[in-house]
Amino acid sequence: MLKKIDVSQLRVGMFIHDLSCEWMTHPFVRNRFVISKHEEIAKIIEAGIHDLVIDARRGLDVRDAPTLAEAQAVTEAELVHIATSQQAPVARVALGDELKRAQLVREQATDLVRTVMADARLGKAIEMDRVAPVVQAITESILRNPAALVGLLRIKSKDDYTFLHSVSVCALLVAFCRSRKLDQDTTWQAGLGGLLHDTGKALIPDSILNKPGPLTVEEFEIVKKHPRDGYQILIQSPDIGPIPLDITLNHHERRDASGYPGGHGSDAISELTQMAAIVDVYDAITADRCYHKGISAAAALRKIHEWSRHHFNPALTQDFMRCVGIYPVGTMVLLESGRLAVVVEAHETNLLSPKVHVFFDTKNSVYIKPVLVDLARPFGAGGADRIVRHEQPPKWNVDPMKFLVVHQAP
């Protein structure tokens, strides 16, 4: 039986089923193993892990601990409350009208980050006059319709992850600032910090950066240098401001002081950098990388919500959920009717009931004429269906992105 326990309940002889943390925060080669000595417990605590999942069938039990299903039910109830009590931002331009422009912005921004990384590796200062127009283009696209660019950036290959991750963090952070109604200059500076936050990774050897497996303790120590390295690279540019520098240096810090490079707690981390930390982890764990398969956006938000008890600001985490939606645009979902659909627009007040384009009948394994369904509406008014779960496109061999835009008959 799988159970959720607090780290204070961990004992030698327990079988760890899931360390319940973001990748690279623990010093173990595997996520599943038997605790054989007290030093391993100390390492888990030192890594900032507060709760984890044990398998009581394969090791010692904690009798009064909730089962994993019970713990997940509590999380689901909390997410339902959040999802039905917040208002989503409204787009100014239709999704279909913005997608082509967003595609160009995506390509330009990715090429820029690739150039920035190459220059940094050669010891060159960042040329801000080349970076600024790209940040502006990203910001303008987000202001028109954040779902277009953010949706396109969810598609990453393992080879270009490092570059697209920076673009994604920029776009998501701009969208996050917009949803929280921050002023234009602050939003732009935050976007710049998002685009450049991983510049220090240019100094990490490719053998470590692209390693197709867990890092050794020594390799992880090298990776942990990238925030300071990035800060030192950016500070050479006279036009860089304090916000991008702060985000670059501190985006791996955590509220409970378990992060790096400084081990600062919440009082020492600015609000914008706390926002950047949420965005950075969300994009990282939803992407396919050389060492792990990305999880769905919905699953990522559940994990971030759980981690917000210790690592992230809970209020900011809830704001981020409102910003991206429980089911972000571009997410493929299975409906109760047995149809597959792609999310095209969040509902203004109920993030569990977005608008979707239905395009596939799983009962007969056939494509159907795409149709817009507003899941917030009742039967007879374009609704009468609900999301059962997120689905992975490869499972059905379909491409939901082809159905983001459907031309409806007048």
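Since every read-out is calculated from the coordinates, none of them should be taken as a lab result. Since the model is a prediction, treat every value here as computed from it, not as a measurement. Quick reminder, even Gly has a Cβ in these numbers, built from the backbone with ideal geometry, and neighbours come from all protein chains shown.
So if R0 is 45 Å, what FRET efficiency would T67 and R121 give, r being the distance between their Cβ atoms, rounded to the nearest 0.05? Before the final figure, lay out each step's value.
Numbers: r = 49 Å, r/R0 = 1.09.
Taking R0 as 45 Å, the efficiency between T67 and R121 is 0.40.
How far apart, in nm, are the 7 Å Cα→Cβ label points at T349 and S237?
My value for the distance between the label points is 4.3 nm.
Which percent of Cα-Cα pairs in region 305-410 sits in each 5 Å bin, short to long?
2, 13, 21, 22, 17, 11, 7, 4, 2, 0, 0
Kirkwood Rh over Cα pairs of region 203-259 into Stokes-Einstein at 10 °C, 1.306 mPa s: D in µm²/s? Present the calculation step by step, with values, prior to reporting the outcome.
Working: Rh = 12.8 Å.
So the translational diffusion coefficient is about 124 µm²/s.
What is the distance in Å between the Cα centroid of region 316-379 and that of region 111-167?
The distance from the Cα centre of region 316-379 to that of region 111-167 comes to 28 Å.
Hull surface divided by four, with the convex hull built on the Cα atoms of region 187-318: how many nm²? Write down the numbers at each step before the final one.
Numbers: hull surface 32.7 nm².
Reported value for the Cα convex hull: 8.2 nm².
Write down the Kirkwood hydrodynamic radius of region 248-372, to one decimal in angstroms, obtained as one divided by the mean of 1/r over all alpha carbon pairs. Kindly include the intermediate steps, with their values, before the conclusion.
On the way: mean 1/r = 0.0618 Å⁻¹.
Hydrodynamic radius (Kirkwood, Cα only) of region 248-372 equals 16.2 Å.
Which value results when the Cα radius of gyration for the chain is divided by 2.2 N^0.38 Å?
On the way: Rg = 21.6 Å, N = 410, 2.2 N^0.38 = 21.6 Å.
Taking N as the residue count of the chain, the ratio is 1.00.
Dipole of region 154-309 (Lys/Arg Cβ +1, Asp/Glu Cβ -1, origin at the Cα centre): which of F163, H292, Q236 lies farthest to the positive side?
Checking the options against the dipole of region 154-309, the answer is H292.
In nanometres, what is the gap between the two model label sites at N31 and S365, each 7 Å from Cα along Cα-to-Cβ?
Between N31 and S365, the label points sit 2.9 nm apart.
Using the Cα centre of the chain as the reference point, and only Cβ charges (+1 on K/R, -1 on D/E), how large is the resulting charge dipole? Debye, rounded to the nearest 20.
Working: 47 positive and 50 negative charges, 210 e Å.
With Lys and Arg at +1 and Asp and Glu at -1, about 1000 debye.
Longest exposed-loop-site-free stretch of the chain, with trypsin sites (Lys or Arg not before Pro), DSSP loop and at most 11 other Cβ within 10 Å? The partial results should precede the final answer.
Numbers: sites that count: R30, K37, R57, R63, R92, K181, K293, K363.
That gives 182-292 as the longest site-free run.
Pop the C-beta distance of E107 and K158 into the FRET formula with R0 = 22 Å and round what comes out to the nearest 0.05.
Details: r = 18 Å, r/R0 = 0.83.
About 0.75, to the nearest 0.05.
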